[in-house]
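J.: The structure is given below, and queries will be raised subsequently.
The values are calculated or read from the model by the stated rules, or taken from the named source; none is laboratory data. Note that the coordinates shown come from a computational prediction; the quantities given were computed from them, not determined experimentally. FYI the Cβ positions are ideal-geometry reconstructions off the backbone, even for glycines, and counts take in every protein chain you see.
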Amino acid sequence: MVLPQLIATLDKLSPDLQSEILHYAEYLASKQPDQQTPETPLKKYRQAGAMKGMFTMSNDFDEPLEDLKDYM
């Protein structure tokens, strides 16, 4: 395993360099997807009819508009 080698190498470095390596390792860990959670959340799909009854249309929705009578 690489961990003992890594620790041995880190022990040889100065505290300043160890700190830099720690910050870089935290940066890399933040960019990596979280592997501690075994379940990946499922993608949520939209359901047809979820907004049913939230909108109403007027009865004359399909009728021509008064403003466009000159063009028809």
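J.: Look at Y27 and say whether it is at pLDDT 85 or above and in a helix (DSSP H, G or I).
T.: On the way: at pLDDT 85 or above: yes; in a helix (DSSP H, G or I): yes.
Judged against the criteria, Y27 is a match.
J.: While we're here: Going through P15, P41 one at a time, which residue ends up being at pLDDT 90 or above and surrounded by fewer than 10 Cβ atoms within 10 Å (Cβ to Cβ)?
T.: Values: P41 fails: at pLDDT 90 or above.
Exactly one of P15, P41 is at pLDDT 90 or above and surrounded by fewer than 10 Cβ atoms within 10 Å (Cβ to Cβ), namely P15.
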